[in-house]
Amino acid sequence: MVRVALRRRRVNRVATISVHTSPLDQPGTGDAGGMNVYIVEVAKRLAELGIEVEIFTRQTARDLPPVAELAPGVMVRHVTAGPYEELDRADLPGQLCGFLSGVLRTEAMYDPGRYDVIHSHYWLSGQVGWLAKERWGVPLVHTMHTMAKVKNALLAAGDRPEPAIRVLGEEQVVEVADRLVANTAAEARELIDLYDAPTDRVAVVNPGVNLKVFQPASKGAARHRLDLPQDAHVLLFVGRIQPLKAPDILLKAAARMVEQDPTLRSRLVVACVGGPSGNGLARPALLTDLAAELGISDIVRLAPPAPQHELADWYRAADITVVPSHNESFGLVALESQACGTPVVAASVGGLRTAVRDGLSGLLVDGHDPDTWARALGRLVDRPGWLDFLSANAVRHAVGFGWSETAACLADVYAGAMAQRQWAPVAVNS
Ligand code: UDP
């Protein structure tokens, strides 16, 4: 007799959708940031678990190959949709049909059922994932990365609010996604409270840090390589230069510190690593202007976006990494710095409350008043003992966040979504 049993299908291959930014881009400028790092790190770790990943992204240059291997088991597929150049994010909704058609055409070249699950990143990709999921009959797992409603509620002065079309688009994705991945429990709460996400479809998966790249090493050698003075107090900002990240708060706080203790002028260095992005305070040149206006040009050093192995040197060279963002879904920079043994002074917002352990691996600061930031930083700069204590705990805290764990948790989320959607019937002899 032949019985029909139900066997849970294994996750073999994931279609990852990243419409507006390519995993091959250098993070730290334009639209490339933490999401790019996340997609690359997770894809590599999933591949190590035996799950292939194909990342669909928009072709932004004519000479990009249709398919590129990022790592064994990880392919990047460049989809033609719109011109071969960067497009403003506001123009991308008009290219989603073209992008989707490219994604569907790719799958049609192979056997049906090439992908077991779709993982979309950011709402534009969620829109593509929505239709692909209906066409392929596979579950859609979506990660927001940032949410318009949260961003608009915490807008920096002069920053542009996110448009209503994005809010609507995000609400649609939340409604159709089989699983929503939140970076932290707080973000899960926001999805439920602000977007009416069903509780049982929200999974919390912490992002990670590459502990091979970001690990403690000699501060002196790092300063030597970066041409930073050995005896200075180095305050570091890393990230895209945009109003949301608030590098201006660090500069204003540093100016206050120097004003209150003029001897600091010869001992303080403020380093900002990153490139232009978004609007408002988007160009590093504007930071140069601000430094001049504040009378601290002599202590401010701006550096272009750096690859991660170089960034590790910047973290090691710094005494404190400062993350004054108005909002962060997580804040990978905070984790990377701690993994290198450098404590973080961060704004008490969003994921930074998880990324930094207040009083143990760094300090969390309420609000964005430069005086408050100057006080918080001033409390630390002349206390090497306290910095050493925070530094040791920072490393301990960061090693709890590995990308392998992130990938393993995501694999569970994929499997759970698939189990709910499709059970493959198999014949069993008895
Ligand atoms: N980054 C980089 N080079 C730079 C500046 C930033 O590689 O010059 C990377 C950094 O290592 C981090 C990411 O960009 O992994 C920024 O992520 P985060 O979550 O801090 O901010 P987001 O860009 O997501 O807003």
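The values are calculated or read from the model by the stated rules, or taken from the named source; none is laboratory data. Here the structure is a predicted model, which is why all the values come from computation and not from measurement. Positions of Cβ are backbone-derived with ideal geometry, glycine not excepted, and every protein chain shown enters the neighbour counts.
Miscellaneous remarks
- Just one of the listed residues (Gly402, Gly416) is surrounded by 15 or more Cβ atoms within 10 Å (Cβ to Cβ), within 26 Å of Ala339 (Cβ to Cβ) and in contact (Cβ under 8 Å) with a residue 40 or more places away in the chain, namely Gly402.
- Meets criteria (touching a residue at least 12 places away in the same chain (Cβ under 8 Å) and in a loop (DSSP other than H, G, I, E, B)) for Gly113: yes
- One residue from Thr21, Thr16 being hydroxyl-bearing (Ser, Thr, Tyr), in contact with a strand residue (DSSP E or B) (Cβ under 6 Å, 6 or more places away or on another chain) and in a loop (DSSP other than H, G, I, E, B): Thr21
- The test for being over 22 Å from Pro305 (Cα atoms) and β-branched (Val, Ile, Thr) holds for Val205.
- Test set (1) touching a residue at least 40 places away in the same chain (Cβ under 8 Å); (2) surrounded by 18 or more Cβ atoms within 10 Å (Cβ to Cβ); (3) among the small types (Gly, Ala, Ser); (4) not in a loop (DSSP other than H, G, I, E, B) - Ala43 fails condition number: (1)
- Top-ranked residue in the range 307-347 [being hydrophobic (A, V, I, L, M, F, W, C) and under 14 Å from the mean Cα position of the chain (by Cα); ranked as farthest from Ser218 (Cα to Cα)]: Phe330
- Test: residue in the range 99-118 that is closer than 30 Å to Asp193 by Cβ and crowded, with 24+ Cβ neighbours inside 10 Å: yes
- Matching residues, the range 232-251, being assigned to a strand (DSSP E or B) and of a type in the set (Val, Ile, Thr): Val234, Val238, Ile241
- Cβ pairs under 9 Å, 6+ apart, first in the range 188-211 and within 30 Å of Val395 (Cα to Cα), second among the aromatic types (Phe, Trp, Tyr) and in a helix (DSSP H, G or I): Pro207/Tyr38; Pro207/Trp403; Gly208/Tyr38; Gly208/Trp403; Val209/Trp403; Asn210/Trp403; Leu211/Trp403
- Leu302 vs. criteria more than 28 Å from Gly385 (Cβ to Cβ), without any contact (Cβ under 8 Å) to a residue 40 or more places away in the chain, aliphatic (A, V, I, L, M) and within 13 Å of the ligand (Cβ to nearest atom): yes
- Exclusive hit being within 16 Å of the ligand (Cβ to nearest atom), among the hydrophobic types (A, V, I, L, M, F, W, C), on the phi < 0 side of the Ramachandran plot and part of a helix (DSSP H, G or I), set Val150, Val167: Val150
- Residue check, Ala292 at pLDDT 95 or above, more than 16 Å from the ligand (Cβ to nearest atom) and surrounded by fewer than 20 Cβ atoms within 10 Å (Cβ to Cβ): yes
- Residues of the range 222-269 satisfying the condition of being more than 16 Å from the ligand (Cβ to nearest atom) and small (Gly, Ala, Ser): Ala232, Ala253, Ala254, Ala255, Ser266
- Restricting the range 342-354 to residues that are in contact (Cβ under 8 Å) with a residue 40 or more places away in the chain and surrounded by 24 or more Cβ atoms within 10 Å (Cβ to Cβ), the residue that is nearest to the ligand (Cβ to nearest atom) is Gly351.
- Number of residues in the range 307-331 that are among the small types (Gly, Ala, Ser), within 12 Å of the ligand (Cβ to nearest atom) and modelled with pLDDT of 95 or more: the value is 3.
- Among the conditions (1) within 16 Å of the ligand (Cβ to nearest atom); (2) within 19 Å of the chain's Cα centre (by Cα), the only one that Leu410 does not satisfy is (1).
- Test: residue in the range 187-204 that is in contact with a Ser or Thr (Cβ under 8 Å, 6 or more places away or on another chain) and within 16 Å of the ligand (Cβ to nearest atom): yes
- Inspection of the range 204-215 identifies no residue that is over 30 Å from Pro384 (Cα atoms), touching a Pro at 6+ places or on another chain (Cβ under 9 Å) and not hydrophobic (A, V, I, L, M, F, W, C).
- The single condition from (1) in a loop (DSSP other than H, G, I, E, B); (2) closer than 20 Å to His20 by Cβ; (3) among the hydroxyl-bearing types (Ser, Thr, Tyr); (4) at pLDDT 95 or above that Tyr84 fails is (4).
- Residue check for Thr21: closer than 24 Å to Pro139 by Cα, crowded, with 20+ Cβ neighbours inside 10 Å, hydroxyl-bearing (Ser, Thr, Tyr) and more than 16 Å from the ligand (Cβ to nearest atom): no
- Taken over the range 203-229, the residue count meeting the criterion of being surrounded by 21 or more Cβ atoms within 10 Å (Cβ to Cβ) and assigned to a strand (DSSP E or B) is 1.
- Count of the range 26-40 residues, restricted to those that are surrounded by fewer than 19 Cβ atoms within 10 Å (Cβ to Cβ) and either among the aliphatic types (A, V, I, L, M) or without any contact (Cβ under 8 Å) to a residue 12 or more places away in the chain (or both), is 0.
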